[in-house]
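Have a look at the structure below, then the notes.
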């Protein structure tokens, strides 16, 4: 029963659009533009895609900051971003050590991607790409679109599995809180 409830909660968050935004922002790693596949099992030395997608809170999304960690057997061969960098780094909006900071030209009210990597596995060893907090923070953060652009913590949806399944994050929510997303 718990697994069913967790699956339903993830599907609700994953399918939320501008008409039904959650009370807090989310960020996740996905293999596709539909932000639904959380792993890749590519043949050796074959490119695969990893997208970082953000889901705004009910207050919108003006900027987001997070860090990332790659396993030692994965390299990026190309990177893309269509967002504005708060402080341009060596790799678009990302900096040495795996830290990224993005600001948007206008408030975002639906899923938006910040980073798209084309990666390659140098071995078939299972691993994960994980998101985390920016330096000196305890969680990824976002500025919402309310006056003054208040900062709010961002919930990480998942890790991205390479030659293994991705891991969906688990949160404790009541069924009433989940249903309230549709009121």
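The values are calculated or read from the model by the stated rules, or taken from the named source; none is laboratory data. Since the model is a prediction, treat every value here as computed from it, not as a measurement. Neighbour counts are summed over all protein chains in view; Cβ atoms, including those assigned to glycine, are modelled from backbone coordinates with ideal geometry.
Of note:
- Residue 69 vs. criteria surrounded by 18 or more Cβ atoms within 10 Å (Cβ to Cβ) and either over 15 Å from residue 127 (Cα atoms) or at pLDDT below 95 (or both): no
- Residues within segment 29-43 that are in contact with a helix residue (DSSP H, G or I) (Cβ under 7 Å, 6 or more places away or on another chain) and surrounded by 14 or more Cβ atoms within 10 Å (Cβ to Cβ), tallied: 1
- Conditions (1) more than 17 Å from residue 118 (Cα to Cα); (2) within 14 Å of the chain's Cα centre (by Cα); (3) part of a loop (DSSP other than H, G, I, E, B); number of the one not met by residue 23: (2)
- Evaluation of residue 117 against (1) buried (at least 17 other Cβ atoms within 10 Å of the Cβ); (2) at pLDDT 95 or above (one fails), failing number: (2)
- Picking from residues in segment 80-104 that are loosely packed, with under 15 Cβ neighbours inside 10 Å and outside any loop (DSSP other than H, G, I, E, B), the one that is modelled with the lowest pLDDT is 84.
- Looking only at segment 26-44, and only at residues there that are under 12 Å from the mean Cα position of the chain (by Cα) and farther than 15 Å from residue 117 by Cβ, the one that is modelled with the highest pLDDT: 26
- Within segment 138-150, the set of residues being exposed (fewer than 15 other Cβ atoms within 10 Å of the Cβ) and over 17 Å from the mean Cα position of the chain (by Cα) comprises 146, 147, 148, 150.
- Options 61, 55: the member that is modelled with pLDDT of 90 or more and in contact with a helix residue (DSSP H, G or I) (Cβ under 8 Å, 6 or more places away or on another chain): 55
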